[in-house]
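Reading through the structure tokens given below for one structure.
The values are calculated or read from the model by the stated rules, or taken from the named source; none is laboratory data. Being a predicted model, the structure only gives us computed values, none of them experimental. Here the Cβ positions follow ideal geometry from the backbone for every residue, glycine too, while neighbour counts run over all protein chains shown. Ligands, DNA and RNA are excluded from the accessible area calculation, which covers all protein heavy atoms including side chains. Shrake-Rupley method; radii C 1.70, N 1.55, O 1.52, S 1.80 Å.
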Amino acid sequence: MSKETKEPRKVDERDNDGLQDRVVHIARVAKVVKGGRRFSFSALVVVGDGREKVGFGLGKASEVPDAIRKASEQAKKNMTKIPMVDGTIPFDVTGKFGSARVIMFPAKKGKGIIAGGAVRILVELGGVQDIICKVHGTKNHQNVVRAAMDGLKQLMLPEQYAAYRGKVAEETRQIRQSKAEIRRSTKVAAGKSGAAKAKK
């Protein structure tokens, strides 16, 4: 089966349920049969409510609108709720699918969405306001979306994570430091250990 990629169309619609559809990628695929090649279209669509739920679907049909409709219907059946704290994700997470890896970091309020391509569409429709994402490995749209969804499904609220580990939420809270702060704390620790050795 050979593939010929086609420029994705920007389709951004809201239906009666308040869900928003956005086409990530459209590809023209060809199946080799006895009489020659049979062409059809494959569409990758992301659906979200812009608050906390998001999903994706893949549809294939002989016409582009039918492929988009099928993908949208499939996406609505496979929606995931994203746990968020103050408009961002609770902790760092890495999603994997095939050779694609999507690393997602929480961001401070006002930072915005630092992500590209399919991941940006996914987190936007999921209602995330501040996040930093990086894609490693393959840039295949399907694999990237699946890897990002894998990462989002791993998320849980701090209270849920603390209960899972049998601790209090404050004990499991992540504290992010800048490189300068890490260097400073390392120097302080090294100075204290050096002073202690000198006393001995």
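Estimate the FRET efficiency between Phe39 and Arg120 by the formula 1/(1 + (r/R0)^6), using the beta-carbon distance for r and 35 Å for R0, to the nearest 0.05.
0.70
To the nearest 0.05, what FRET efficiency results for Ser185 and Asn140 with a Förster distance of 41 Å applied to their C-beta separation?
It comes to 0.50.
May I ask you to rank Ile89, Ile132 by accessible area, largest first, using a 1.4 Å probe over the protein chains only?
In descending accessible area the options line up as Ile132, Ile89.
Quick check: with the 1.4 Å probe, what order do Arg22, Arg28 take by accessible area, largest first?
Result, largest first: Arg28, Arg22.
Give the Rg (one decimal place) followed by the Dmax (whole number) of segment 43-146, computed from C-alpha coordinates and expressed in Å.
My reading of the Cα-based Rg and Dmax gives 13.9, 45 Å.
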